[in-house]
Amino acid sequence: MIIVKSRDVDIRKGLHYTLLKDHKNDPDTLVLDEMTICQGDARIDVAVINGKINGFEIKSESDTLERLPRQVDLYNMVFDTVTIVTGPRYIDGILDLIPDWWGIIKTEMDSDRQVYFYTIREAQNNYNSDPLAIAQLLWRNEALEILKEKGLHKGLLSKPRRVLWQALAEKLSIDELKDEVRKKLKNRSNWRGH
């Protein structure tokens, strides 16, 4: 097999076709490209939301690792698991930049532009996510709906979303918050509507 330089678009297409094909047909799973987190401070390449919020960050051989340290800090706040998907060029450099719980998938592409995936390390669970960053995934009306459902909305009906996010982060356990946020994200009909 002749190995050629992969691009983000090649890896993303292969990732969807090969690794995420089972999730795409699962009605309880949402697969999103370019999911924004931390009020727009970062955007993960692919998010898979089901019983967890899983992130996949693509670093093709035409990318640099310059933004990765900042992305690591932000992704660690939100995602239950993170897997970095990259070509052979960055495997060694990535090991020094990501936490031990992140998964690593190496990609290779042949001259026919077929992408192959090799798991170097399986992603583990993140036990240090940030409740406020998770609550910030919600739109204001979604945050308020959760507070109402839990009977925690007194005095909050007219408050801005940052106050609602803070209330959710403080009043719900991390597991309950994650569960509620996943449900709201999966039930959204128009992701770009807010």
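The values are calculated or read from the model by the stated rules, or taken from the named source; none is laboratory data. Everything numeric in this text was worked out from a predicted model, so none of it was measured. No Cβ is skipped: glycine too gets one built from the backbone with ideal geometry, and neighbour counts run over all protein chains shown. Side chains are part of the model used for accessible areas, which takes the heavy atoms of the whole protein and leaves out ligands, DNA and RNA. Shrake-Rupley method; radii C 1.70, N 1.55, O 1.52, S 1.80 Å.
Ile174 meets the conditions (1) open to solvent by less than 50 Å² (accessible area, probe 1.4 Å); (2) in contact (Cβ under 8 Å) with a residue 12 or more places away in the chain in every case but one. The failed one is (1).
Here is the figure for region 66-99: residues that are within 20 Å of the chain's Cα centre (by Cα), in a helix (DSSP H, G or I) and more than 18 Å from Asp41 (Cβ to Cβ) total 2.
Matching residues to (1) open to solvent by 30 Å² or more (accessible area, probe 1.4 Å); (2) part of a strand (DSSP E or B):
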site: Tyr17; (1), (2): yes, no
site: Val31; (1), (2): yes, yes
site: Met35; (1), (2): no, yes
site: Gln39; (1), (2): yes, no
site: Arg43; (1), (2): yes, yes
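Just one of (1) closer than 19 Å to Gly40 by Cβ; (2) of a type in the set (D, E, K, R); (3) touching a strand residue (DSSP E or B) at 6+ places or on another chain (Cβ under 8 Å) fails for Lys178. It is (1). Can you pull out every residue in region 100-153 that is in a strand (DSSP E or B), under 16 Å from the mean Cα position of the chain (by Cα) and not hydrophobic (A, V, I, L, M, F, W, C)? Within region 100-153, Gly103 is the sole residue that qualifies. Residues in region 177-189 that are open to solvent by 60 Å² or more (accessible area, probe 1.4 Å) and either more than 19 Å from Gly55 (Cβ to Cβ) or aliphatic (A, V, I, L, M) (or both): Asn187, Ser189. Taking the criterion of being surrounded by 12 or more Cβ atoms within 10 Å (Cβ to Cβ) and aromatic (Phe, Trp, Tyr), the residues of region 104-126 that qualify are Tyr116, Phe117.
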